[in-house]
Amino acid sequence: MSDRELSFDTKQIHAGANPDPATGARQVPIYQTTAYVFKDADHAARLFNLQEVGYIYSRLTNPTVAALAERITHLEGGAGGICCSSGHAAQIMALFPLMMPGCNIVASSRLYGGSYTQFTQTIKRFGWSATLVDIDDADAVKAAIDENTRAIFCESIANPGGHIADLDAISAIADDAGLPLIVDNTSATPYLCNPFKHGATLVVHSTTKYLTGNGTVTGGAVIDSGKFDWSASDKFPSLSQPEPAYHGLNFHEALGPMAFTFHSIAVGLRDLGMTMNPQGAHYTLMGIETLSLRMDKHVANAQKAAKWLEDDDRIEKVTYAGLESSPYYDRIARICPNGAGALFTVAVKGGYDACVKLVDSLELFSHVANLGDARSLIIHSASTTHRQLTDEQREAAGAADNVVRLSIGIENADDIIADLDQALTKATA
Ligand SMILES: *Cc1c(COP(=O)(O)O)cnc(C)c1O
């Protein structure tokens, strides 16, 4: 058994979860503790010197959280990973070891709304910046890279339209520039897409969404492929040179493929404190056990609902990449072989008023600012998350007045379609 690579379905249940060494407990216990007793002073010294791996304080590591980090790392096929308090925390944690004041990232213009604000506004306070480009336009991506660029960032299946990024093409550009590619794999999950197989260096997740799968907890994760050569240039001194924040340790020299992960724990979590709590990790561990089963159902339902909507007279356009009409359809087999996800937008005839009536008339769908729940969700961005933007900005963000975003759940597909049907009748009457 030991030489055989286990399948995804098996790893989502077993990876990172050996029976508890203290009690034999089969499920991962919730280690509700802040600190861990050192065996003796020498043991404590070895832990602090990173000469021995173990638990010190739960801001850094906790056994329940570590089990989740290990499971997601296995599912992504990475070398190491950490969990954090939210998806947004994960994005800051991914950038932190790479960036200094004055550095920038080149990011896709098709991003989750919160990431758009984090990158265009909030990171400026750290002296960082982001240049947003159409990630499908190779020349624009190359032109946006300058000597202060430290990463390229995109979503595998992008919010809100479900567009699929050509990760092979983008990672080739990143390689040429000596930069890591960071992929937000939240909407795809490692079941639908493995960014590391397409050359990504880091994967970030909002575990709040499909990985937990039931809308109960916020959390995030950063997984490292372990393959990037941080010492190939002088761009990443926190990893390739003595790190003043950790008594001059050279992380890449000392820890090789685990340099990024150890830096994220020993400096990132220690000083930024964006830590996941063990209760949250427990809920997400429970959710991940059924990830592949849920994603197959999400995709099958999305496929049916998108097709039904596309064929309906009351609809102008559906962006789902799983439809043959989508310009991204050809990328599914290569980038997302298990399906195009369950997130897409729909343009409704009748514009703003019809969309508002639609969200108010749906009974099964919940009108919320979330995605990746077991429940079907809808949001009319123009009257909610994107209210403050100008018409042009809304249009560019895929959130025009006549557009709603759907996150298709795992209810029965006929029930989902019947709900859309009755609400569209009221909305367009
Ligand atoms: C939700 C989401 C985030 C942010 O995650 P939080 O857990 O809400 O902080 C980032 N990226 C994508 C694609 C998301 O869907």
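Brief remarks on what is shown
- Entries of LYS317/LYS426; LYS39/LYS209; LYS304/LYS349 with Cα pairs more than 28 Å apart: LYS39/LYS209
- Restricting attention to the chain, close to 60% of DSSP beta bridges with both partner residues there are antiparallel.
- Taking other residues whose beta carbon is less than 10 angstrom from the beta carbon of SER381, and scoring Lys, Arg as +1 and Asp, Glu as -1, yields +2.
- Segment 183-317 - Debye-derived log10 I(q)/I(0), Cα point model, q = 0.13 Å⁻¹: -0.72
- All lysines inside 18 Å of LYS197 as judged from Cα atoms, apart from same-chain residues fewer than 8 positions distant: LYS11, LYS227
- Among 21-34, 286-299, 415-428, the order from most to least packed when residues are scored by Cβ within 10 Å on average: 286-299, 415-428, 21-34
- The antiparallel fraction among DSSP beta bridges confined to segment 156-242 stands at about 70%.
- Cross-link partners of LYS297 among aspartates and glutamates (Cα-Cα below 19 Å; sequence separation of 8 or more within a chain): ASP9, GLU289, ASP373, GLU411, ASP414, ASP415, ASP419
- Ranking of HIS263, HIS380 by count of other Cβ atoms within 10 Å, fewest first: HIS380, HIS263
- Gap separating the Cα centres of segment 2-42 and segment 249-302, nearest whole Å: 15 Å
- Other residues within the sphere of radius under 9 Å centred on the Cβ of GLY398, judged by their own Cβ, net out at +2 (K and R +1, D and E -1).
- Counted by Cβ distance under 12 Å from TYR191, the other residues give a net charge of 0, where Lys and Arg count +1 and Asp and Glu count -1.
- Each peptide in 177-186, 250-259, 310-319 receives the mean, over its residues, of other Cβ atoms within 10 Å, and ordering these scores from highest gives 177-186, 250-259, 310-319.
- Average projection, convex hull of the Cα set of the chain: 21.2 square nanometres.
All of the numbers you see were taken from the coordinates with simple rules; none came from a lab. All figures in this text were calculated on a predicted structure; none of them were measured in a lab. Glycine also receives a Cβ, built like all others from the backbone with ideal geometry; neighbour counts cover every protein chain displayed.
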